[in-house]
1. Based on the Kirkwood radius over alpha-carbon pairs, what value in µm²/s does the Stokes-Einstein equation return for the translational diffusion coefficient of segment B:72-113 at 10 °C and 1.306 mPa s?
2. Which pairs break 21 Å Cα to Cα here: B:Lys2/B:Lys81; A:Lys202/B:Lys2; A:Lys248/B:Lys81; A:Lys153/B:Lys198?
3. Using a basic spin-label model with each label point 7 Å from the Cα along Cα→Cβ, how many nm lie between B:Gln24 and B:Phe118?
4. Of all the stretches in chain B, which is the longest one without any exposed loop site, taking chymotrypsin sites (Phe, Trp or Tyr not before Pro) in a DSSP loop (any state but H, G, I, E, B) with at most 14 other Cβ atoms within 10 Å?
5. Provide the net charge surrounding B:Val85, with neighbours chosen by a C-beta distance below 11 Å and charges set as Lys +1, Arg +1, Asp -1, Glu -1.
6. With 10 Å bins from zero, work out the P(r) of the protein assembly as shown over every alpha carbon pair and list the percent per bin.
7. Give me the accessible area of A:Cys171, 1.4 Å probe, in Å² rounded to the nearest 10.
8. Taking the Cα-to-Cβ direction at B:Phe214 and at A:Lys210 and moving 7 Å from each Cα, how far apart do the two end points lie in nm?
Amino acid sequence: MSDKTMNLTLKIWRQKDAKSKGKMETYPVTGISEHMSFLEMLDVLNEQLVVEGKEPVEFDHDCREGICGMCSLHINGEAHGPDRRVTTCQLHMRMFKDGETIYIEPFRAKGFPVVKDLVVDRSAFDRIQHAGGFVSVNTSGNTIDANAIPVPKDDADEAFNAATCIGCGACVASCKNASAMLFVSAKVSQFSLLPQGKVEAKDRVMKMVKQMDLEGFGNCTNTGACEVECPKGISLDNIARMNREYLKASLK
Amino acid sequence: MKTSIARKVLMALSGFFLIVFLLQHFIINFTSVFGHGETFNSLSHFMGTSPMVQFVAQPILIFGVIFHLAMGMYLEAQNNKARNVKYVMNKPGENASWMSRNMIITGVMILLFLGLHFYDFWIPEIKTKFIDGDMSGALNGVEGTRYFHELQHKFVDVWRVIIYCLSFVFLSLHLLHGFQSAFQSVGFRNHKYLPTIKKLGNLYAVLIPAGFIFIALFHYLTQL
């Protein structure tokens with residue numbers, strides 16, 4: 001296996017804290033292996049910065065397996081970078097060329113305020129979930145057999161597809177309106193397709209949409225950018241489903 | 001009107017209404033290329049003098065146009081606020097079409113065209129009928145025949161023809177996104193009928209504006 005290395009120029013958004021004004025700063029990095037993940041490349045930069053006695057760049061990360069939804073970053077003009085169906089932690093440096101300049105910015109949205117450098121506060125998504133992204137199930141007493149309620153295979157598959165949303169916020173970051181509709185629609189869909197979710201269907205969609213608007217996200221204009229940039233390939237079908245759910249709930 | 005989904009549904013419904021209006025406008029205009037505009041004259045006379053069209057359909061249409069425009073601009077302003085700090089490097093072309101990202105530009109161009117179009121046809125129509133009180137539609141004493149003449153008269157000026165044709169290109173770009181987007185907004189979408197809606201939308205967005213361009217050019221060229 002070849003092991004090409006590359007030298008890069010990084011232009012990174014640096015911001016001391018939420019209140020400070022940020023700016024782009026330039027950092028050269030050398031000897032980056034093409035097999036490194038993007039976050040490993042940033043680790044190399046940070047080690048270099050620490051050695052130089054400078055403040056390392058703050059960025060969000062956790063599992064580094066593409067499943068937790070913690071990593072973010074707007075890389076060279078796209079959420080999670082130029083690759084498709086991957087999170088930043090699964091983006092490899094082979095996607096870049098030796099000598100390239102890479103722009104790294106935080107996800108930008110009024111609903112995602114910057115905490116520091118590349119870290120943004122995505123707790124708006126938590127509040128939307130708290131507003132209605134759940135089913136009320138009595139967990140005391142006897143456990144109910146999961147297969148006691150029959151679910152058509154197609155519905156189960158679609159609900160599962162919606163449930164693969166990791167809540168990273170790439171949809172908001174990519175949308176020209178900073179709309180959170182793809183995320184909210186996935187969280188509405190994963191329940192609305194299943195019998196267990198039907199009980200609270202009306203309240204769920206109304207409350208979650210209300211909270212989404214309160215958080216300051218923009219309006220969806222169906223550009224489809226969210227679907228393209230979503231690392232889990234969440235479909236626009238979910239937004240259409242949420243629109244139907246919302247219309248149904250408002251007419252009831 | 002209170003939530004983002006309610007607003008997008010209303011935007012879509014007014015869009016559907018305008019799509020249907022545009023189709024009937026095209027059909028009537030298209031009759032002007034046949035014969036000496038006899039069918040065009042009789043249809044225009046009917047539309048111009050029918051109380052149902054003038055006092056029921058026309059106010060609804062004007063409301064629909066104003067609502068669609070005002071809501072479009074309001075949403076644009078709100079959406080701009082939703083990203084208060086812009087990206088230094090952004091590649092929106094990588095994930096969304098130009099048409100879908102620039103509905104406000106194509107929309108404003110259509111609005112400017114509507115200004116000219118109202119100045120050309122609607123204002124003189126209202127003046128003749130409701131200020132001068134002439135409901136006869138008469139040309140040289142023959143009732144209901146002035147419409148074809150007025151239409152032809154407008155397409156003598158080459159600059160007007162060019163502006164009309166360019167406006168129809170903007171209309172086409174607007175419809176290329178707007179048609180399918182309206183279906184998505186009202187929740188009418190799934191993998192079974194999405195390809196059909198997209199094809200139908202593209203067909204409508206190309207054929208109707210192309211038809212209007214044909215009509216404008218036809219009248220210009222036949223009067224050279």
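1. 134
2. In this structure, A:Lys248/B:Lys81; A:Lys153/B:Lys198 exceed 21 Å between Cα atoms.
3. Between B:Gln24 and B:Phe118, the label points sit 2.0 nm apart.
4. That gives B:35-192 as the longest site-free run.
5. Once positives and negatives cancel, what remains is +4.
6. P(r) for the protein assembly as shown, in whole percents per bin: 4, 17, 23, 19, 16, 11, 6, 3, 1, 0.
7. Rounded to the nearest 10, the figure is 10 Å².
8. Label at B:Phe214, label at A:Lys210, 5.2 nm between them.
The values are calculated or read from the model by the stated rules, or taken from the named source; none is laboratory data. All of these numbers come straight from a predicted model, not from anything done at the bench. Cβ sites come from the backbone with ideal geometry, for glycine too, and all protein chains shown count toward neighbours. Please note that ligands, DNA and RNA were not included when accessible areas were found on the heavy atoms of the full protein model with its side chains. Shrake-Rupley method; radii C 1.70, N 1.55, O 1.52, S 1.80 Å.
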